[in-house]
1. Report, in debye and to the nearest 20, how large the dipole of the chain comes out about its Cα centre when Lys and Arg carry +1 and Asp and Glu carry -1 on their Cβ.
2. Return a whole-number percent for the relative contact order of region 96-151, with Cα pairs under 8 Å and 6 or more residues apart as the contact set.
3. Using only DSSP helix segments of four residues or longer, with each worth -39500 (n - 2.57), what per-residue ellipticity at 222 nm results for the chain after dividing by its residue count and rounding to 500?
4. Sequence gap at least 6, Cα distance under 8 Å: using those rules, report the relative contact order of region 1-72 to the nearest whole percent.
5. Let me check against my output: what whole-number percent is the relative contact order of the chain, with C-alpha pairs under 8 Å and at least 6 apart?
6. At 1.4 Å probe size, put 41, 118 in order of accessible surface, largest to smallest.
7. Name the residues whose placed amide hydrogens come within less than 5 Å of the amide hydrogen of residue 136, ignoring near sequence neighbours (fewer than 5 apart) on the same chain.
8. Over all directions, how big on average is the projection of the convex hull of the alpha-carbon atoms in region 11-83, in square nanometres?
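The values are calculated or read from the model by the stated rules, or taken from the named source; none is laboratory data. Note that the coordinates shown come from a computational prediction; the quantities given were computed from them, not determined experimentally. FYI the Cβ positions are ideal-geometry reconstructions off the backbone, even for glycines, and counts take in every protein chain you see. Heavy atoms of the whole protein, side chains included, go into the accessibility calculation; ligands, DNA and RNA do not. Shrake-Rupley method; radii C 1.70, N 1.55, O 1.52, S 1.80 Å.
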Amino acid sequence: GMGRPVFAQARQHGLKPTLSADVVSLNSGDLFHQLRLAIAFDRWASTEHVNLAGEDPLAPTVSAYEALEWVTVNAAEALGMEDRIGSVTVGKRADLMIVGGHGRSAHPRIDPAATLVFQTTPADVETVLVDGTVVKHDGRLLEVDETVLDERLDASAARILERVKTAGATLPGTPPGGMFAAIRAMVAGDGQPR
């Protein structure tokens, strides 16, 4: 049940757009993909009238640089943490991500913001610093055994699916009437979808 993202409405009310991923069990939590989907939708929605008139938009309505602000400075401000994170500024935490290298997605290097928004994938993230501490280097998480992590994730998914099966349900699926109807029923009643 995904409706239209509310970029235009946010701007009309003076709100700065931000992005997140809320259902990483079914979709990628990778914000690079979310960012590409979001900017594509925003550009389409803001030029729909032009396209419906049989015309072609003459310029992008939102730049890649503006879209990067959705997941950096705007996100920090939405969290009330703009004094600590969201931009590379003296006195703020050193939360940094270094992407690129020799991968094809890092080329051509004409517009760095556009390369980040339209070409970068998690595989391109070479180094990550959190508050100045390196947590990923040369594409590998430090102090995390990825094999063990993958095993734990697979085991967790198996336990969840077994509980769903034991309860007599199946996944995936959408409840009758849609997800929002199920949520409203759960809130109004005993916690069980109706």
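1. Values: 18 positive and 25 negative charges, 108 e Å.
Once rounded to the nearest 20, the dipole reads 520 debye.
2. Values: 63 pairs, mean separation 17.2, N = 56.
About 31 percent, as a whole number.
3. Working: 7 runs with 79 residues, N = 194.
Calculated from helices alone, the mean residue ellipticity at 222 nm is -12500 deg cm²/dmol.
4. Values: 47 pairs, mean separation 22.9, N = 72.
RCO, region 1-72: 32 percent.
5. On the way: 189 pairs, mean separation 27.6, N = 194.
Reported as a whole number, the value is 14 percent.
6. Values: 41 45, 118 75 Å².
Solvent-accessible surface, decreasing: 118, 41.
7. The answer is 128, 142.
8. Details: hull surface 25.4 nm².
With the hull built on Cα positions only, its mean projection is 6.3 nm².
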